[in-house]
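Working notes, structure below.
All of the numbers you see were taken from the coordinates with simple rules; none came from a lab. None of the values given here were measured: they were computed from a predicted structure. Note that each Cβ is placed from the backbone with ideal geometry, even for glycine, and that neighbours are counted across all protein chains shown.
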Amino acid sequence: MFTSDRRSASFMVDWMNGKNPIVAMIERFGEEDFRDALEDPEMREKLSEANQQYVERVAKEKELEEEYNSNLTDTLANLDKLQEEEGLTDEDVAEVMEFLSNIVRDGIVGKFSLESMAMARKALHHDENVAIASEEGEVRGRNSKIEEKLRKRSAGDGLPHLDGKNDTAPKREKQPATIFDQARLAR
């Protein structure tokens, strides 16, 4: 468009530099084309439809902006509540909001990173995963207690184990000291 009609490029430059677009168009293209368009009934219908679309878009944008502002107020209140309940620092809150903003931005353009998808999957199954990990830890703890009980003590050096039930030396029967003592016991 710019190479086929240099006036188009000049019009865009004027507009970019802050000139009123209608004034810039008339300066570059002349008033006659616009007058002819406004007097043509078919063109007037097209302009009316275009204007109606513009009015509807502006109304929708205003409605969305009001909804956005209302939701933003609620979001900020929820952030304050979260920060207070969980004792988060301002940096923690900023990190959470940055992460959420990145997800929203990715969603708008239809591009989700592997990290975002993995985080969403983990978040959806967090409670279930914590319960499984807790149960596995409990089973491991019980297994280690059982293994400890089953572990055999080494033969040792003959001294009694101080932490065991057999902490005293076994009693020996007295042997007769002399032959006479043996004869007396034999009767």
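Among the listed values (1) 51; (2) 54; (3) 83, the one computed from these coordinates for percent of Cα pairs over 20 Å apart is (3).
What size of dipole, in debye to the nearest 20, comes out for the chain about its Cα centre when the only charges are +1 on Lys and Arg C-beta atoms and -1 on Asp and Glu C-beta atoms?
On the way: 28 positive and 42 negative charges, 620 e Å.
Value, rounded to 20: 2980 debye.
Centre-to-centre, using Cα atoms only, the range 1-71 and the range 93-107 are separated by 35 Å. Annotation: for a label point projected 7 angstrom from Cα along Cα→Cβ of F99, residues of the range 65-84 with backbone N closer than 18 Å are 76, 78-84.
Among S70, L82, A9, pick out the residue whose Cα is farthest towards the positive end of the charge dipole of the range 1-119, where Lys and Arg carry +1 and Asp and Glu carry -1 on C-beta, about the Cα centre. Result: A9, furthest along the dipole toward the positive end.
Computed over the chain with a Gaussian network model linking Cα atoms closer than 10 Å, the most mobile of D80, D33, D92 is D33.
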